[in-house]
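The structure appears right after this line, and notes come after that.
Where a number appears in this text, it was derived from the coordinates with a stated rule and is not lab data. In this text, all values refer to a predicted model and were calculated from it rather than measured experimentally. Note that we place each Cβ from the backbone using ideal geometry, even for glycine, and neighbour counts take in every protein chain shown.
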Amino acid sequence: MKIYQHLLPRGTKQYWQWGETLGISVGALLLSYSIMPGDPLNTHVFPWIWMAPVLIALRYGVLMGVVSVLIFLGGWILWAADQSLSHAVFPRLTFLGGTLMVMISGEYSSVWITRARRIEELQHYTEQRLELLTRRLYLLSLSHDRLEQDLIGRPASLREGLKELNRILPADHGLPGAALYLALVVRQCNLSVAAVHAVENDRINPVAEASIGAFTPIDQQDPLIAHCISSGELVHINTEENLTELPSRYLVAVPAKTADGRIVAIMVVEKMPFFALQTDNMQTLSVLTSYYADTITASEFTPYLTDKLQDCPIDFFKALYTLRRLQRDMQISSMLVGFAARNTLESAEQLKSIANAVRGLDETWTLERGDWRICLVLLPLARESSLSGYLDRIERNFVERFGTRPGQSGIATRSITLDTDAISEKLDEFIMTLTENSHAAQQ
C-alpha cells in the first residue's frame, strides 16, 4: 500500500476534506478564543478544544489530524504575538499530549477506513460477478426455450448471434458491433423500426449508430427516453409509471447498461407488432442489450493483449485485469492456477474435468500451445490457504473419476499470485514457464 493511501484513506482527489479540516480547526480556535481569550488552548482547564483535531483524525486519518494540530500551532503563534508573549511559555506538554492523542486516533481511523474500503471493493466485485452470472443463467434458459420453440426453423440463431457479439472488437469511434447487435434483437424480439444511439455521461448522441426501418431523428426530450436514462431500466408504454398519458412517439427504450451500472448506449423502438409488446419479449430485449453492453466493456481490454494472447477469452482477461487492480490497490489477493499436459485425447478429457470443477466466481481458459494442452483457472479473492483447498478438491475429484492423481497422469500444476502490473506479459510468461516445467518433469 502506498504511504498516501495509509495517511489519507479516503483518497487524494476529495479535496473538500482539506476544507473541512481547515474550517473545523479555525472554528474551534475562534470559539475557544471567544470564550477564554486569555487561554485559547485551554491549558489550565480540560482541553475541550483538542476534541476538534481528534474528531478530524477519526474521520480522515493521521494526515488530516496532524494538519489540524499544525493549524492550532499557527493559531497559538498568532495569539502569542498579539499578546506579546515569549516563545518560552509555549505549552509543550499540551501540544505533545494532544499530538500523540491525535496520531493514535488517526491511526485507529486509518486502519478501519482501510478495512472498510477493502470490504467495499470485495462487495463491488462480487456484485458485478453476480450480475454477470445472473444474466448468463437467463441467457442459458432463454437459449433452451428458443431451441425448443424454433427447433425446426432456426435452432441455433440465438447462439450464433451471441457468438457474433462475442467477436466484437473495439472501435475508434462510436459503438462497436452496433449493427450486429441490432440485427440480433430485431430477429429475436420482432422489432420493426428501431435505432441504437451511443450514450456518454447520460447524454445521447443524436446520430444513430445503427437503425432499421424509417427511424426518425431521436427526440432526447421525449419523456419515455428521459425516464429510461434516469432510471437505468427498460421502459415501455405499459410500465407502472403510467407513461401512456405522456406524449411519446416511442414504444420501448432500453439502456445498454454494464454490470457496474454504466450506460453506454440506448436502443429506442418506434414500431413493433402489438403482440410482441409482452413481458417475456421485453425481458429478452433487456438481457440481450445488457449482454451487448458487457461485450463492449470487455472489448476495451483487447488492446492490452499481446500477440501470443489473441485467443484469450476477453471475459477471462477482463477478470484477470480487474483482480490485478484489486491486489495492487487493496492487497486483496487472487490466484492463477495452471494445469498442463501433452495434447492427447486422454489429457483433453482430464483437463476438461478440471475446467468443469470450478466455483461460480472462477474463470477458466483452455488453450493449446504446440504439443501441450493447458487449462488456466483464475481463483478470485483467494489466498494460499484457499489454493490448497482448491487443489485438494481437484485431486479428490480426479482420483474418483480417473483412479489416479493429476501428477501421476503427467499433468503439471503451477500457481502464482497477481503481483505484476503488466498482467498480459505475466500471463505470457506463466504459460511459457508452465509448458517448460511440464516438459522438464516428463523427461
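Miscellaneous remarks
- Spin-label pair A355-S231: with each label point 7 Å from Cα along the Cα-Cβ axis, the two points sit 4.1 nm from one another.
- Looking at segment 330-412, the trypsin sites (Lys or Arg not before Pro) that sit in a DSSP loop and have at most 16 other Cβ atoms within 10 Å of their own Cβ are R359, R383.
- Gain upon complete extension [I104, F46; 0.36 nm per residue less C-alpha separation]: 19.0 nm
- Derived scalar couplings ³J(HN,Hα) [segment 57-70; Karplus, 6.51 cos²θ - 1.76 cosθ + 1.60; whole Hz; x for Gly, Pro]: 5, 5, 8, 10, x, 4, 4, 5, x, 5, 4, 5, 4, 5
- Taking label points 7 Å from Cα along the Cα-to-Cβ direction, L78 and L93 give a separation of 2.8 nm.
- A cut-off of 5 Å between modelled amide H atoms, ignoring neighbours fewer than 5 places along the same chain, links Q220 with no other residue.
- Order of W112, W50, W16, W76 under a 10 Å beta carbon neighbour criterion, fewest first: W16, W112, W76, W50
- Cα centroid of segment 309-358 to Cα centroid of segment 186-258, whole Å: 38
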